[in-house]
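Every number here is computed from the coordinates shown, using simple stated rules; none is lab data. All figures in this text were calculated on a predicted structure; none of them were measured in a lab. So basically every Cβ, Gly included, is an ideal-geometry build from the backbone, and we count neighbours across all protein chains shown.
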Amino acid sequence: MKDSWRNVTTLAALALALFSPNAGALERGTTEGGVVYVSGGIGQSEVKELHAERGRYSLWVTTLAKGSGAYLSDARLRIMSEPGHHLVLEHTMAGPWFFAALPPGRYSISATQQLDGGASETKTAAVTVRSGVQRQAVLRFASDADVGSEREHPFGDNPFGASSPRR
């Protein structure tokens, strides 16, 4: 009898974990300076959620494997304002997509990705954010990651469709 109650309790806890609103949820936050961001894009539900709210953000950052185009997560992202090189945001990406609502200005973006074998690689990009215009930075790393089913999504090659921002 004790074992059956233990099994029921375990199954109930597992069901709560799997079906809770935060399971597989996008990672959201606001910096001390008031920059709102969202990160994720692992799985179809996250990609669809990002697609639905993409217009709220002025900068989209994507991390990919250079050879295969496979999406990469867990890059350490830094956004600095220019001139002056003030740190605007530092965050470890929770998926291959990172959106930020930056005010107009010029920014330097760097992302560091841990590669196979323990080495790391840093990629950089510079963007100018203008009011009402969305910018995209695609950072390609020398990773051996293969393209999996995550690339077979309903939005074509770019999950954000024809309304992709300028690079």
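Here the ratio of the Cα radius of gyration of the stretch 25-145 to 2.2 N^0.38 Å is 1.01. Please sort by residue number the trypsin sites (Lys or Arg not before Pro) in the stretch 100-132 whose DSSP state is loop and whose Cβ has at most 13 other Cβ atoms within 10 Å. Passing both the DSSP loop test and the Cβ count: Arg130.
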